[in-house]
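The values are calculated or read from the model by the stated rules, or taken from the named source; none is laboratory data. What you see is a predicted model; the values in this text were computed from it and never measured. All Cβ positions, even for glycine, are placed from backbone atoms using ideal geometry, and neighbour counts span all protein chains on display. The protein model used for the area step is the full one, side chains on, heavy atoms only, and it has no ligands, DNA or RNA in it. Shrake-Rupley method; radii C 1.70, N 1.55, O 1.52, S 1.80 Å.
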Amino acid sequence: MIFSIYDLIFLLSSDCFSPYLFEKPHRPSMEEIRRIARETSLAIMADSVCYFETADFSAEGIAGVQQRFLAQLETSIDDTDAIKKTKRLIRILENVDEQRTLAENFLASTCAHLYWLNTACLTQALDDILLGIAAKVEPVGLTTPAAHSLDWSAIKVLWQNARSEWDGYLKSITAEVPDGLCSAFKHLLEDGQALDFIHHWQQVLNPDERRYLMAFLSREGEQGLAINPRARDEYRAMIHAL
């Protein structure tokens, strides 16, 4: 199934799904994100009643909505991490393909090799700074507790039981494909939180250590994915978004 920025905006605007898309550190910003997403949703619909007949699905139309939505977030919200997470979610919905999955798996594996000090699996030696970083992130771990326990049936029940006025509006404008938002939400839960542990690593590191870690991960990707330019480009974008 093909997803777009529109699906993410609707999900972020919802009372039902939005709490699951951001971890606790981001949630103070959630109300403002939800407000902006609702304003954008209304602009997309322009007083029409069917999303699939109304929205501009051209590349230019989608890009324009995305640009305006992100610009409003960056103007209204003083929360860099939440904005970065939103951008990561956008990339996940935009890039449902094997190259993005390959890049994500490579990044997760590289982090695991650093975490477990598997030097034989890395192209760079671990200096004292990287060893210090590994020691700092050791208590944090390689996974992030999240809402992955929500399987398809649980997601469907969650949506069916959504009772707020706004969620009712979303159901009405997407009625022609009633499971569409559920599918987008499931995809984000499965893929959108796989690298969130890196955000938690960054929280226990000082700014110099964070930059050093990102530079190390970047170099590993440049060398490890050199024979696959598309996956390498996806990897670069992931590093940039962290």
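Observations on the structure shown:
- Qualifying chymotrypsin sites (Phe, Trp or Tyr not before Pro) for the stretch 1-87 [loop in DSSP, other Cβ within 10 Å: at most 14]: PHE57
- With protein chains left intact and a 1.4 Å probe, residues in the stretch 55-126 average 51 Å² of accessible area per residue.
- Using a simple spin-label model with pseudo-atoms 7 Å out from Cα toward Cβ, THR101 and GLU176 lie 2.9 nm apart.
- Most mobile of TRP116, TRP201, TRP159 in a GNM of the chain (Cα contacts under 10 Å): TRP116
- Values of log10 I(q)/I(0), in the order q = 0.14 Å⁻¹, for the stretch 57-213 under a Debye, Cα-only, solvent-free model: -0.93
- The apolar share of the surface of the stretch 1-157, taken as the fraction of accessible area on carbon and sulfur atoms (1.4 Å probe, ligands and nucleic acids excluded), comes to 55 percent.
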